[in-house]
Amino acid sequence: MTKDEFTPVAQRVLILHDRAAGKSGEIRIAIGQPYWIEQDVEAACPVAIDGYFGRLADIRGIDPVSALSLALKFIDELLKGLPETQALSWPDGEPYFEV
């Protein structure tokens, strides 16, 4: 395993629809095990959005719970900020974000 790879502890599969290109494809959101960078000082949580952004920088927090919480919020905000020509859905076709 390279330094950019990690074992996910949680994953989610979504479909990314690119209306401008007329294409759709699967993306996989992966969250890794939070870990201490410096014990009792700072922790980090690995994240990736395979099929779109790929491996992202680890999200840092004051402890592992904070890093995990911030990683989830970061991914949500990143996906909400996609261009208007792109939309996300669950694999069954239901919109990911309420319209």
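Readers should treat all values here as calculations from the given coordinates under stated rules, not as data from a laboratory. Just so you know, these numbers come straight off a predicted model, no measurement behind them. Virtual Cβ from ideal backbone geometry, glycine too; neighbours counted across all protein chains shown.
Please compute the length gained on full extension between Ala20 and Asp76, using 0.36 nm multiplied by the number of residues separating them and subtracting their Cα-Cα distance.
Result: 17.9 nm gained on full extension.
Can you check what the net charge comes to around Ile37, using other residues whose Cβ is under 11 Å from the Cβ of Ile37 (Lys, Arg +1; Asp, Glu -1)?
Result for the neighbourhood of Ile37: -4.
In whole Å, what three semi-axes, largest first, describe the equivalent ellipsoid of the chain built from its Cα gyration tensor (square root of 5 times each eigenvalue)?
28, 14, 11
Which distance in nm do the two modelled labels at Ile62 and Asp4 give, with both placed 7 Å along the Cα-to-Cβ direction?
3.4 nm
Only Lys, Arg, Asp and Glu count, each charged at its Cβ (+1, +1, -1, -1), so figure out the dipole size of the chain about its Cα centre, rounded to 20 debye.
Working: 9 positive and 16 negative charges, 52 e Å.
Charge dipole, the chain, about its Cα centre: 240 debye, nearest 20.
Using only the alpha carbon atoms of region 15-70, find the Kirkwood hydrodynamic radius as the inverse mean reciprocal pair distance, in angstroms to one decimal. All intermediate terms of the calculation are to be shown ahead of the outcome.
On the way: mean 1/r = 0.0806 Å⁻¹.
One decimal place: 12.4 Å for the Kirkwood radius.
Just want the answer: with Cβ charges of +1 for Lys and Arg and -1 for Asp and Glu, which residue in Ser24, Ile37, Tyr52 is farthest toward the dipole's positive end in the chain?
The residue sitting most towards the positive pole is Ser24.
Based on the Cβ-Cβ distance of Trp90 and Gln33, what FRET efficiency does E = 1/(1 + (r/R0)^6) give at R0 = 25 Å, to the nearest 0.05?
Working: r = 25 Å, r/R0 = 1.01.
For R0 = 25 Å, the calculated efficiency reads 0.50.
Go ahead and run the numbers for FRET between Ser69 and Arg12, Cβ-Cβ distance against an R0 of 22 Å, rounding to 0.05.
Step by step, r from the Cβ atoms, then E = 0.85.
Chymotrypsin sites (Phe, Trp or Tyr not before Pro), restricted to region 16-99: which are DSSP loop and have at most 11 other Cβ atoms within 10 Å?
Qualifying residues, ordered by number: Phe97.
Given the rule -39500 (n - 2.57) for each run of at least 4 DSSP H residues, summed and divided by the residues of the chain, what is its mean residue ellipticity at 222 nm, to the nearest 500 deg cm²/dmol?
Value at 222 nm, helices only: -6000 deg cm²/dmol.
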